[in-house]
2 protein chains.
Amino acid sequence: MIKINGGVCAAKGFTASGIHCGIRKNKEKKDLSLIFSEVPASASAVYTTNLVKGAPLTVTKKHLESGKAQAIICNSGNANTCNANGYEIAEKTCELLAKELGIPQDDVIVASTGVIGQKLDITPIEKGIPSLVKSLSKDGGDDASEGIMTTDTVKKEIAFEFELSGKTCRIGGIAKGSGMIHPDMATMLVFITTDVSISPEMLSKALKTDVASTFNMVSVDGDTSTNDMVTVLANGMAENEKIAEENEDFAIFMKALNSVTVYLCRAIASDGEGATKLLECTVSGAKTLSDAKKIAKSVVCSSLLKAAMFGADANWGRILCAVGYSKADVDVTKIGVFLKSKAGQIEVCRNGSGVDFSEEEAKKILSEKEIDIEVTCGDGEYSSVAWGCDLTYDYVKINGDYRT
Amino acid sequence: MIKINGGVCAAKGFTASGIHCGIRKNKEKKDLSLIFSEVPASASAVYTTNLVKGAPLTVTKKHLESGKAQAIICNSGNANTCNANGYEIAEKTCELLAKELGIPQDDVIVASTGVIGQKLDITPIEKGIPSLVKSLSKDGGDDASEGIMTTDTVKKEIAFEFELSGKTCRIGGIAKGSGMIHPDMATMLVFITTDVSISPEMLSKALKTDVASTFNMVSVDGDTSTNDMVTVLANGMAENEKIAEENEDFAIFMKALNSVTVYLCRAIASDGEGATKLLECTVSGAKTLSDAKKIAKSVVCSSLLKAAMFGADANWGRILCAVGYSKADVDVTKIGVFLKSKAGQIEVCRNGSGVDFSEEEAKKILSEKEIDIEVTCGDGEYSSVAWGCDLTYDYVKINGDYRT
């Protein structure tokens, strides 16, 4: 597995673009992105579990019934959700793009992100589509990742190269996600492209298995968005032997996919709204996988702990507290906690009780940008990892006045 | 029902005190409180559902098996939780107090609040108990409410007078609670006293019924504390006909109890860590009571909405979003949302979609100290209320460096 450049354009046959079409007032900010595969691709997606679902999700779900797609269009600046005509606008967007690209309308995946509850005007999208399509290029991944950003402060893209049955394959992805992020089936917007040849069924199986331990284990603020979606397009242009069952190639593909998703999870968490630190909580020794996950998620979701991490305060009692209300089946008298970062590591809790430690050393460890919180349960064999970020003044600032 | 002064000392036969004994370094801050009934009282309590439970809760639970108690002692500055000898310290505290008061050790209720995971030294408590007992007075309710404060900025106390079978009865309470507050069976520390004559069984029934719609509907930060407890002492000195079944007097008592608990819920929420505003979410028209509660709690718990309320930003999409992930069975296309305060009211959402409204008017409404969020479901007959507060810079500040 080699890390390479190119993001969503790294895989053969994919081009992308991103432009400012006018949904946002600020002309400096791109607001419309496109990813295109030169041949139809196997396609799969997972969606938010929020009952309030963005209209684009409903349209995409319908389009993906065929298990294939060829283009992804996504706007930022307006979530096209909780408004009167969201569905029509989402379908119209697909129709206009399909016509411009000369592909069937139901081969288009559509997504939107931004403020909820405001009408989305089709005019800037309609006007923008011709130049969006014209701008498609092998170097366009960067622009596409920019066009889906909302409060994100950095672009999030990654790609890897690997081999399947002697053929060089590539997989890459971009993500948007900064606030309204909470694990509950597919968080944030993520678009993944690969030139691997794989059936829609196996692609769907790979994605669903993967998100359970990746995107569903990320939380920025406990708010599960209305517009979350993770999609994968696999266009087969690497010409590997088509993956149609759970064989060795499938395992390799899963690993490649996981490299992309874990990278994006960490990127999303560390760019959480206002975040100054990435928190990674690793739970081991849990009775079941579900218990391990509950504990890991509970820890990274605790507002109190997140604020303490911002202040580099080793207030580990809040970790125990979060374990205790996680609803995991766990013996709290066996719990151990370590705090780690590249500055070192300290044990702060053993068998559910405090251990003497140097506050000075703890401060040094917690002043780093990436903090690992290790929780040992001593109850069994199961492990899990969750990602989150600290809670800062800037989270409040960003969200105190998001719409203006 | 008349509001009166006196807090926990309003009811006949109750005295209280609060002193600085030395658990806290800051001598200006009281850290030990006592409430005493001159006769043994029916007693009941509800406790946090956190698996990590403070040692004082375990001791109190054991002591209340008899259904009676006569004194409540509570320290602040240290939660006596997740340390090696918490249980012994809690029992020792009861033993010392019982000896000083001349009552049985298991008639003492003990509680602690403060930082988790640090050893609690018995010395300051041991030294403080004689003067704590000596200070007991009818005017001591105020001192007692001060001695249980942690990050609270205001004392929380209330009392009411009412009649039962021709006798004047009184009920009063104090509360502590500012952070680590989340609904999940008894949040925060609340001590309620009454001179009503009622059996322990009926007292317990009254308390458990009441907290389900009061303290379990308050959230400051989503963190369910390890040390939460609500207790009631009823010493019978009002000499009403003893309540031993669900009769009319029981209904009147429930109402009086509810007046105390709702007042304290609102007081706790508006004094949430860093809070500048009290949020009250009223849900109506839900299919079931459980659905109504899930929606109300989900709305007041949303970090995004809480930050928007801080910024007086009518970002109602976040309310819909929170309804959508509440796990309530609800038809999102029927939801309506009103924002209200003493400055006026506006409709912002009808049938799940946005309604045009004046941003200026919304700003004015949301700039008040108490905001009502009304969610109508149009699905049924059930209602619920939940209380919370806004999310502010100060919440982050307070919790970024709590221990130092």
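Any read-out appearing in this document is the output of simple, stated calculations on the displayed coordinates, not a laboratory observation. Model, not experiment: these values are computed from the prediction. Cβ sites come from the backbone with ideal geometry, for glycine too, and all protein chains shown count toward neighbours.
Among A:Val220, B:Val46, A:Val385, B:Val300, which comes first, then next, by fewest other beta-carbon atoms within 10 Å? Please list the in-between numbers first.
Numbers: A:Val220 30, B:Val46 22, A:Val385 19, B:Val300 25.
Lowest count first: A:Val385, B:Val46, B:Val300, A:Val220.
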Smallest Cβ-to-axis distance in chain A, for the rotation taking A to B: which residue, how many Å?
A:Tyr393, 2
When the dipole is taken about the Cα centre of segment A:2-268, and only Lys, Arg (+1) and Asp, Glu (-1) are charged at their Cβ, what size is it in debye, to the nearest 20?
620
If I take R0 = 51 Å and measure r between the Cβ atoms of B:Arg350 and B:Asn247 in this structure, what FRET efficiency does the formula 1/(1 + (r/R0)^6) give, to the nearest 0.05?
0.70
Nearest-first distances (nm) between copies at A:Lys342, label 7 Å from Cα via Cβ:
5.5
Sorted from shortest, what are the nm distances separating the label point of A:Glu100 from equivalent points in the other copies, each placed 7 Å from Cα along Cα to C-beta?
7.8
Any idea what the relative contact order of segment B:2-270 is, in percent, if you count C-alpha pairs under 8 Å spaced at least 6 apart?
26
Any idea how far apart B:Tyr87 and A:Asp331 come out in nm if each label point goes 7 Å out from Cα toward Cβ?
1.4
When the Karplus curve 6.51 cos²θ - 1.76 cosθ + 1.60 is applied with θ = phi - 60°, which whole-Hz ³J(HN,Hα) does each residue of segment B:13-23 get, with x for Gly and Pro?
x, 9, 10, 8, 7, x, 9, 9, 10, x, 5
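Using a cut-off of 12 Å between beta-carbons, work out the net charge of the residues near A:Thr81 (Lys and Arg +1, Asp and Glu -1, A:Thr81 not included).
Net of charged neighbours comes to +2.
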Comparing B:Ala79, B:Ala11, B:Ala244 in a Gaussian network model of chain B (Cα, 10 Å), the one with the largest mean-square fluctuation is B:Ala244
When the dipole is taken about the Cα centre of the protein assembly as shown, and only Lys, Arg (+1) and Asp, Glu (-1) are charged at their Cβ, what size is it in debye, to the nearest 20?
760
Which residues qualify? For A:Ser225, with a placed amide H closer than 5 Å and at least 5 residues away or on another chain, they are A:His182, A:Met188
Aspartates and glutamates within cross-link reach of A:Lys92: Cα-Cα under 20 Å, excluding same-chain residues under 8 positions apart?
A:Asp31, A:Glu65, A:Glu100, A:Asp106, A:Asp107, A:Asp121, A:Glu126
Among A:Ala238, B:Cys82, B:Ile122, whose Cα sits farthest toward the positive end of the charge dipole of the protein assembly as shown (+1 at Cβ of Lys/Arg, -1 at Cβ of Asp/Glu, about the Cα centre)?
B:Ile122
Calculate the spin-label point distance for B:Asn26 paired with A:Lys397, positioning each point 7 Å from the Cα along the beta-carbon direction, and give it in nanometres.
2.6
Cα-Cα longer than 27 Å, checked against B:Lys30/B:Lys53; A:Lys363/B:Lys294; A:Lys208/A:Lys369; A:Lys29/A:Lys294; A:Lys29/A:Lys134, kept in input order, equals A:Lys363/B:Lys294; A:Lys208/A:Lys369; A:Lys29/A:Lys294
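Restricting attention to segment A:74-152, which trypsin sites (Lys or Arg not before Pro) occupy a DSSP loop and are surrounded by at most 16 other Cβ atoms within 10 Å?
Values: sites: A:Lys92, A:Lys99, A:Lys119, A:Lys127, A:Lys134, A:Lys138; in loops: A:Lys119, A:Lys138.
Counting only loop positions with at most 16 other Cβ atoms within 10 Å, the trypsin sites (Lys or Arg not before Pro) in segment A:74-152 are A:Lys119, A:Lys138.
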Rounded FRET efficiency, nearest 0.05, which uses the C-beta distance separating B:Ser367 from A:Ile122 and R0 of 30 Å:
0.25
If you filter segment A:330-389 for GluC sites (Glu not before Pro), then keep DSSP loop positions with at most 15 other Cβ within 10 Å, what is left?
A:Glu381
Set A:Lys297/B:Lys277; B:Lys3/B:Lys242; A:Lys156/B:Lys297; B:Lys297/B:Lys397, cut-off 27 Å on Cα-Cα distance; pairs above it are A:Lys297/B:Lys277; A:Lys156/B:Lys297
Which value in nm describes the separation of the simple spin-label points at A:Lys138 and B:Thr288, placed 7 Å from the Cα toward the beta carbon?
5.9
Quick one: with label points 7 Å out along Cα→Cβ, list the inter-copy distances for B:Asn85 in nm, shortest first?
7.5
Segment A:278-400: relative contact order as a whole-number percent, Cα under 8 Å and 6+ apart
43
